[in-house]
Each structure stands twice: as structure tokens, then as C-alpha cells.
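The block underneath contains the structure these notes are about, expressed in C-alpha cells.
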Amino acid sequence: MRSRRSQLIVALIAAGCSVLLPLHSLAADSGDVRIHAEQSFDQLKQHTGQKDSSKAPAGLRHTVEDRNSYSPDQYLVGKGQGDMTKGQIVCQRVSELSARTDLAKQIRILVKEHMVDRARERTGQEAEQDIELTREEIVQEYLQGVKIVDRQIDEKNKTCSATAVMPKSQIQPNPAPDRQESTPTVIR
């Protein structure tokens, strides 16, 4: 009986070791992942440490003349702004996205409005009225040929901004509606 227990214990230890050995090799791989993550983080810190625009890559440098050389007859110009609370890179990305959205709004925008008017009257009391109005802007455009021509950081106000331009020749014509609007239009 004792030998059977001993055999069972040995078998369990062997099974446990066979399970734990691959985990050990995974732990070694996670160390490689950690080293790679630290290197990437260091590169990111170096990139964000370049606050002077003269240190920025040539693709990111633009002069005032570059910004003003885009004629409103030939180009749409969009401006966007971001908040520095989440960091410089996130702020720049948000401001660029906002500038592109501003461009898209100049091409086509769907505005929806929904109003709910509630009147409530209780026995013996004055009637109460509650009006709720919801407006929504929907922008959905495919943009081609958009360039970010200016990026600025305002350390004092903790904001960053971007300016995007797009040639008007890239604007796609309105597609024909493939179905009738589901909500009727009321003209008053």
C-alpha cells in the first residue's frame, strides 16, 4: 500500500514538473517582451522629448508660408484642437483627427434633431411642461489627399492644434440615394 502511495506521489510530481517546465520557458519569453517594451518606451520618451520643432523630422516641419500657400479656392482647410492632459502624442493625434473632422464637416454633414415635449397635469395643481431637445451631427466621409500642414503646442494653455488641408478636386460627388428616407420631412 505504501509503495502504491509512493508511486502515486512520484507520478504526481513528474506530472507537475512536466506542466511547470513549459511555464518556465514562457516566463523567459515574457522577460524578452519586457525588454522590448522598455526599449519601445525609451524610444517614445525620446520622441516626446523633442519639443523644439527644429529637432522634429522633416515631414513634421512646416513654415508659416506653407500654411498660407493654400488658396481657399483650391483647398478646404480644417482646424482641430486637443488637450494635453493625456500627453503630447495623444494630444497631437486628437488635434489631427479633429482637423480632419472639420474638413469632412465642410463637405457633408447630417444634422438630426429630436424634440420631446412633455406636459404633466396633476389634480388641483398647475400644469408642468418639460421640453427636451437633442441635436446630433453625423459626419461620415472618405477623405483623400489630406495633409496636416501645421502642428502647434501651447504649453501655457495646455493645448495643441493642427491644421489640415485637402484639395477641392478630391471631393467626391454626392452619391444617389439608394432608398427613400424613412422619416418624412415636414416643411412649415
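Annotation: amide H-H contacts under 5 Å for Tyr75 (H modelled 1.01 Å from N, sequence separation of 5 or more, or interchain): Lys168.
In terms of distances greater than 18 angstrom between alpha carbons, the cross-link table entries Lys86/Lys147; Lys79/Lys105; Lys79/Lys112; Lys86/Lys156; Lys86/Lys158 yield Lys86/Lys147; Lys79/Lys112. Over segment 64-144, accessible surface divided per residue gives 80 Å², non-protein components excluded, 1.4 Å probe.
Take every Cα pair under 8 Å in segment 78-166 that's 6+ residues apart, average their separations, divide by the length, and report that relative contact order as a whole percent.
Value for segment 78-166: 37 percent.
The values are calculated or read from the model by the stated rules, or taken from the named source; none is laboratory data. Being a predicted model, the structure only gives us computed values, none of them experimental. Note: accessible area is taken over every heavy atom of the protein model, side chains too, but ligands, DNA and RNA are not part of it. Shrake-Rupley method; radii C 1.70, N 1.55, O 1.52, S 1.80 Å.
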